[in-house]
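Contents: one structure, followed by commentary.
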Amino acid sequence: MTASDSAATALMTFADIGKAFGQGASSITVLRDINLSVARGEIVALLGPSGCGKSTILNIIAGLLTPSTGVARYAGKAVEGLNHQVGYMAQSEHLLPWRTVAGNIQAPLEIAGQSRQAMTRRVAELIDMVGLKGFAEAYPSQISGGMKKRTALARLLAYDPETLLMDEPFSALDAHLRLHLQIELRALTRRLDKTLLFVTHDLEEAVTLGDRCVVFSARPGRIIKIIDVPLPPDRDIMRLRYDDAFPKICRELWSLLAPELENSPA
Amino acid sequence: MNHAMKIALRRILIIGVFLAIWEGASGRLMSPFFISRPSAIATRLWSWAIDGSLFINMAITAMEAIAGFVIGGVLGALAGLALGRSPVLAETLNPIINAFNSLPKVALAPLFIMWFGVGYEMRIIFTAIIVFFLVFLNTYSGVRGVSRELVNVFRLMRAQERHLMRMVIVPSAITWIFAGLRLSVPYALIGAIVSEIMASNAGLGYLIAYYASQFNAAGVFAALVGVMLLSFLFNAGIRLLERVLMPWQEVDEQREVTI
Ligand SMILES: Nc1ncnc2c1ncn2[C@@H]1O[C@H](COP(=O)(O)OP(=O)(O)O)[C@@H](O)[C@H]1O
Ligand SMILES: [Mg+2]
């Protein structure tokens, strides 16, 4: 499936998107000529050097930023104002330090006005689902980085958006923890039938998670290439490194990315 | 002996040495007419404690200070939350509020006596105004300091302003609100006592003014000890309230700190 023939059925489309910050002489162009469509149920990894506008793209589809040129559409409609169909998970978890793990996960359910029993039941389910059993009553300051990520993920799932936007959520974690969370994220996204837009600057993470990888140039970010990851949807992430396709696709991505890293200011 | 006991012992030692020097100096280096002496002050306090006048006057001052504290604190926090969340309101009102705040509040006391008489109402309103500004300014900067990213995360999850207030704004501003309240304790006492000194026939401020007019230094010092006791109780009350309202802070304090 390529961008053009999926455009008709796409859940999200970016058409000729450009974005500049600031006015006049001090304005900087961050994104240029972005054309991309994402189908329902797809996992798309956005890969590019730091500062190339990846986060900006997520903010545009969430309705937090308006593009300078072009249109972003969600489910056929131009995004105007906040897009409540998406849930956002950033590099920082943005948990409420004054609430316990359970209290944090419960927040979106409270906003939705659910009954106390319904909330308690759902929070218990989610805590189970993300593997936080026994930590329900801990405060964020008492748990590890990985558990904070799990809490943020559970809160995102409690909100139950159609689409998950994730902005380098695992970049601060060690390799093993990251692998575990990648496995669980892919499984959950598939099982719950979500669409996932995942920003990363880590090439292997993009391959591990993505059905497709979108490679960006250094700022101003353009799409250099969109690659279909030749790995099955039910890939076994633990054994990915035994698969010959994995290093091959990583090498291909590296050949695209490396020149951009040289262009990108440190 | 544990750490807390050692610290307490050191404090007692310092106070003891101070009192001993005072007792020794009185009558030898300086006239007891001016500085009285700890033993005389203790005797005076004891007699007030026995006839109950210490507690009655403390209670009167405490009631005025607490009423002013609660009224000023609540209004200050509400005003701080409202202005903190509404840029238009803040832009309009900030210069006016700052102008009022720059007035020394004590200078207003005579005006208040003129308006509200010399009863407890005047003393409560006077105290409330002092506390209002301190709590308002702290709450306002607390609300302005709330992470806007955090607010956006919740707005994306369909949070309305009332959800934001309850889940994000108030809890994150509450440490600031308490900073304002803690700062207000001495000022609430100043408010109550200054207005008692100026116009009253009861309360610790009245005792201070009365014994000073009688040139009775022991009485003045004994009343001051009452003020210190009151301030100590107030601070303990605030700390208790903080514990109850911010349980997550205690958890954070007890956490072992790393880098
Ligand atoms: N709200 C903003 N205001 C001004 N400049 C911004 C803003 N957000 C991002 N930028 C600029 O846009 C560039 C791209 O940002 P970002 O999308 O965060 O890149 P990436 O996520 O790929 O690292 C950065 O250089 C940053 O300085
Ligand atoms: Mg970014």
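The values are calculated or read from the model by the stated rules, or taken from the named source; none is laboratory data. The model shown is predicted, which means the values in this text are computed figures rather than measured ones. Neighbour counts run over all protein chains shown; Cβ positions are idealised from the backbone, glycine included. In case anyone asks, the SASA skips ligands and DNA or RNA and just uses the protein heavy atoms, side chains included. Shrake-Rupley method; radii C 1.70, N 1.55, O 1.52, S 1.80 Å.
For the reader, a short list of remarks on this structure follows.
- Phi-derived couplings, Karplus 6.51 cos²θ - 1.76 cosθ + 1.60 at θ = phi - 60°, listed residue by residue for the range B:194-209: 4, 6, 5, 5, 6, 7, 5, 10, 7, x, 5, x, 5, 4, 4, 4 Hz, with x used for Gly and Pro.
- Alpha-carbon centroids, the range B:203-235 and the range B:9-51: separation in whole Å: 14
- For the range B:194-259, the list of chymotrypsin sites (Phe, Trp or Tyr not before Pro) that fall in a loop by DSSP and count at most 14 other C-beta atoms within 10 angstrom reads B:Phe215.
- Given 13 as the ceiling on other Cβ atoms within 10 Å, longest exposed-site-free region of chain A for GluC sites (Glu not before Pro) in DSSP loops: A:138-266
- Expressed as a whole percent, the accessible area of the range A:177-248 that falls on carbon and sulfur atoms is 50 (1.4 Å probe).
- Here the average projected area of the convex hull drawn through the C-alpha atoms of the range A:205-249 stands at 3.3 nm².
- The HN-Hα couplings worked out from phi for the range A:81-92 by the Karplus form 6.51 cos²θ - 1.76 cosθ + 1.60 (θ = phi - 60°) are x, 5, 9, 7, 7, 10, x, 10, 10, 9, 4, 8 Hz, whole numbers, x standing for Gly and Pro.
- Each listed q (0.15, 0.17 Å⁻¹) maps to a log10 I(q)/I(0) for the range B:120-207, found by the Debye formula over equal Cα scatterers with no solvent: -0.64, -0.72.
- Pairwise Cα distances in chain A exceed 35 Å in 17 percent of cases.
- Normalised contact order of chain A, rounded percent, pairs of Cα under 8 Å and 6 or more residues apart: 25
- Computed from phi, the 3J(HN,Hα) profile of the range A:202-207 under the Karplus parametrisation 6.51, -1.76, 1.60 (θ = phi - 60°) reads 9, 4, 5, 5, 4, 5 Hz, with x in place of Gly and Pro.
- √(5λ) per eigenvalue of the Cα gyration tensor, the range B:1-98, largest first, Å: 45, 21, 17
- Exercise: per-residue mean of other protein chain Cβ atoms within 10 Å, B:146-155: 4
- Counting Cβ atoms of other protein chains within 10 Å of each Cβ in A:106-113 and taking the mean gives 4.
- A simple spin-label model places the labels of B:Leu29 and B:Asn101 4.3 nm from each other, with each point 7 Å out along Cα-to-Cβ.
- Neighbourhood charge, 14 Å Cβ-Cβ cut-off, centred on B:Leu156 and excluding it, Lys, Arg +1 and Asp, Glu -1: 0
- When the accessible areas of A alone and B alone are added and the area of the pair subtracted, with a 1.4 Å probe, the result is around 2100 Å², both sides summed.
- Counting only alpha carbon atoms, the long axis of helix B:3-25 and the longest principal axis of chain B meet at about 40°.
- Within a straight-line Cα-Cα reach of under 29 Å, A:Lys149 can be paired with the following lysines, leaving aside sequence neighbours fewer than 8 residues apart in one chain: A:Lys54, A:Lys133, A:Lys194.
- One Cα centroid belongs to the range A:76-126, the other to the range A:187-266; the line between them spans 28 Å.
- The range A:20-150: C-alpha gyration tensor shape, a/c 1.5 cut-off, then a/b vs b/c: prolate
- Hydrophobic, long helices, defined as DSSP H runs whose alpha-carbon span along the helix axis is 27 Å or greater and whose mean Kyte-Doolittle value is at least 0.0, occur in chain A at A:245-263.
- Cα-Cα pairs of the range A:90-243 separated by more than 21 Å (percent): 49
- Qualifying GluC sites (Glu not before Pro) for the range B:227-259 [loop in DSSP, other Cβ within 10 Å: at most 10]: B:Glu256
- In degrees, nearest ten, helix B:53-85 long axis to first principal axis of chain B (Cα): 20
- Gyration tensor verdict on the range B:1-58 (Cα atoms; rounded if a/c is under 1.5, prolate if a/b is larger than b/c, oblate otherwise): oblate
- Counts of other chain beta carbons within 10 angstrom of each beta carbon in peptide B:158-166 average 2.
- Shape of chain B, Cα gyration tensor, a/c cut at 1.5: oblate
- At most 15 other Cβ within 10 Å, DSSP loop - trypsin sites (Lys or Arg not before Pro), the range B:117-197: B:Arg158
- Relative contact order [Cα under 8 Å, 6+ residues apart], chain B, whole percent: 25
- Over the protein assembly as shown: Kirkwood hydrodynamic radius from C-alpha pairwise inverse distances, Å: 28.0
- The range A:14-69-the range B:155-182 distance, computed between alpha-carbon centres (Å): 31
- Ordering of B:199-205, B:89-95 by packing [mean C-beta count within 10 Å, highest first]: B:199-205, B:89-95
- Residues whose amide H comes within less than 5 Å of that of A:Ile224, counting only those at least five positions distant or on another chain, are A:Val215, A:Phe216, A:Ser217 (H built at 1.01 Å from N in the peptide plane).
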